[in-house]
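Student: Okay, handing you the structure first.
The values are calculated or read from the model by the stated rules, or taken from the named source; none is laboratory data. Computed from a predicted structure; not experimentally measured. Using ideal geometry, Cβ is built from the backbone for each residue, glycine included, and neighbour counts are taken over all protein chains shown. Please note that ligands, DNA and RNA were not included when accessible areas were found on the heavy atoms of the full protein model with its side chains. Shrake-Rupley method; radii C 1.70, N 1.55, O 1.52, S 1.80 Å.
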Amino acid sequence: MIVKVGVPVELMKNKHESTVVRELDEAGYFRIKDAVDHLATELDLTR
């Protein structure tokens, strides 16, 4: 999903991050244990 946005993580704006989170949520990603922590680390965001 991060690659699909087409913007490197270090250059992402809020709208890009929101798109990634929305698409992952729709795909059921957040049903996986520790998924939030993993994604926060990958996007360099707070939980």
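Student: Could you compute how much accessible surface residue 41 exposes when probed at 1.4 Å, giving the result in Å² to the nearest 10?
Tutor: Surface open to solvent at residue 41 totals about 100 Å².
Student: For a quick check of your reading of the filter: which trypsin sites (Lys or Arg not before Pro) in the stretch 1-44 sit in a DSSP loop and have no more than 14 other Cβ atoms within 10 Å?
Tutor: 13, 33
Student: When each pair of different Cα atoms in the chain is counted once in the 1/r mean, what is the Kirkwood radius in angstroms, to one decimal?
Tutor: 10.8
Student: Based on Cβ point charges of +1 for Lys and Arg and -1 for Asp and Glu, what charge dipole magnitude is obtained for the chain about its Cα centre, in debye rounded to the nearest 20?
Tutor: 140
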